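A short write-up of the structure that comes next.
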Amino acid sequence: SSGINAEWPLRPGEKYCVEPPCGQMNLANPNLYDVVEDIYRDMMDSFTGSAFHIGGDEVNFNCWNTTTEITDYMNQKNIPRTEDGFMELWNEYQEKALARFRTANGGKLKDMVLWTSHMTEPKYLHYLDPNIYTVQYWESANNHQLPNLVQQGFQVIMSNYDDLYLDCGFGAWVGEGNNWCSPYKGWQKIYMNDPKRILTEHGVTDPALWSKIVGGETAMWTEQAGDKNALFKIFPRTYALAERYWSDPTTGWFAAEPRLVYFNSIMEKRGVFGNTMKPEWCVQSQGICKLNNL
């Protein structure tokens, strides 16, 4: 029988995927959904909690469009090989996978989380139910998807790459120069990731819509991070985001710096070693270790 993967791993390159190795699910193979349900069951056995992240980003239509089994399937169902047609195919998977999740979880759904993607664009957002899905937002803060999502009733988790991607600012691994989302996101920029301000800049001033932002998460992608270097990339920058989203401060990063430096030192004593924020003299001399124009 045909496999459950399409184009795996035959065609590397940006035409078929964002990064190697290329490959997507073969949505024409009905056996795929048995495998998906088994994966859901395995994850349910290993993890508890009220939410479940189903991914959903970086779908490449060209991968499906160059897989004979999938194009034959689309032709049989009179699904056009256009953007709208591939979105229809994607939604068919989304609905079937959701049903399999419900089966794997004893007839119940959790708070289903997925990434912003082509499916969360305004044109295709009708495929998703805001009573089922929470959207984790990775686009830039000025992208049009963000105000539309909250206006359409979706809860949103902020992970906008221009503030909250922790892998940015390092050397590229699929080419030369710096990676795609450079520059580096310092803790100060992360601290100032205020969702109310961002929505206001989009013209969204209703506090009821601000409340649709239910949290934020830094993202540490692991193409260039492993067990030996991940922590110094994650901390103390993620501590800064924690204060932003737990405390909703009205002051800026400068007022927060002494607290963050102190908390970082406490965590180091507990064995969590992040990136060094300042020379020790500055740690001991809070309030005077700064440039005059700050």
Exercise for the section: Name the single residue, out of those in the range 273-292 being touching a Leu at 6+ places or on another chain (Cβ under 8 Å) and open to solvent by less than 60 Å² (accessible area, probe 1.4 Å), that is nearest to P236 (Cα to Cα). Expected result: G274
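Conditions (1) closer than 18 Å to L146 by Cβ; (2) exposed (fewer than 12 other Cβ atoms within 10 Å of the Cβ); (3) in contact with a helix residue (DSSP H, G or I) (Cβ under 8 Å, 6 or more places away or on another chain), marked per residue:
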{"residue": "V204", "(1), (2), (3)": "yes, no, yes"}
{"residue": "L209", "(1), (2), (3)": "yes, no, yes"}
{"residue": "A230", "(1), (2), (3)": "no, no, no"}
{"residue": "R237", "(1), (2), (3)": "no, no, yes"}
{"residue": "L241", "(1), (2), (3)": "yes, no, yes"}
{"residue": "W246", "(1), (2), (3)": "no, yes, no"}
{"residue": "L260", "(1), (2), (3)": "no, no, yes"}
Problem - Given (1) open to solvent by 60 Å² or more (accessible area, probe 1.4 Å); (2) over 20 Å from Y161 (Cα atoms), index of the condition K196 fails - result: (2)
Exercise for the section: Please name all residue pairs, on different chains or six or more residues apart, with Cβ atoms under 7 Å, provided the first residue is in the range 104-127 and is farther than 11 Å from I54 by Cβ and the second residue is of a type in the set (K, R). Expected result: A104/R41; K108/R102
Completion exercise
Restricting attention to the range 57-78, the residues that are crowded, with 17+ Cβ neighbours inside 10 Å and either more than 28 Å from the chain's Cα centre (by Cα) or acidic (D, E) (or both) number exactly 2
Problem - Condition check for I157: touching a residue at least 60 places away in the same chain (Cβ under 8 Å) and β-branched (V, I, T) - result: yes
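Checking the conditions here, which among D162, D167 is under 21 Å from A256 (Cβ atoms), touching a residue at least 12 places away in the same chain (Cβ under 8 Å) and of a type in the set (D, E)?
None of the other options fit; the residue is D162.
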Handout entry: Filter result for the condition that a residue is surrounded by 20 or more Cβ atoms within 10 Å (Cβ to Cβ), among the aromatic types (F, W, Y) and modelled with pLDDT of 95 or more, over Y127, Y137
Key = Y137
Practice task
Examine the range 220-236 for a residue that is farther than 17 Å from Y165 by Cα and of a type in the set (S, T, N, Q), and state whether such a residue exists.
Solution key: no
Exercise for the section: Determine the pairs where a residue that is closer than 17 Å to E95 by Cα, located within the range 15-32, has a partner that is surrounded by fewer than 21 Cβ atoms within 10 Å (Cβ to Cβ) and small (G, A, S) with Cβ atoms under 6 Å apart, the partner being 6 or more residues away or on another chain. Expected result: N29/S2
Exercise for the section: Test each condition in (1) closer than 27 Å to G274 by Cα; (2) at pLDDT below 95 for G175 and report the one that comes out false. Expected result: (1)
Completion exercise
Residue pairs qualifying under the 6 Å Cβ cut-off, at least six apart or on distinct chains, with the first in the range 271-294 being under 17 Å from R259 (Cα atoms) and the second being modelled with pLDDT under 85 and in a helix (DSSP H, G or I), are C289/C282
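The values are calculated or read from the model by the stated rules, or taken from the named source; none is laboratory data. As the structure is a prediction and not an experimental result, all values here were calculated from the model. Note that we place each Cβ from the backbone using ideal geometry, even for glycine, and neighbour counts take in every protein chain shown. The area values use the complete protein model at the heavy-atom level, side chains included, leaving out ligands, DNA and RNA. Shrake-Rupley method; radii C 1.70, N 1.55, O 1.52, S 1.80 Å.
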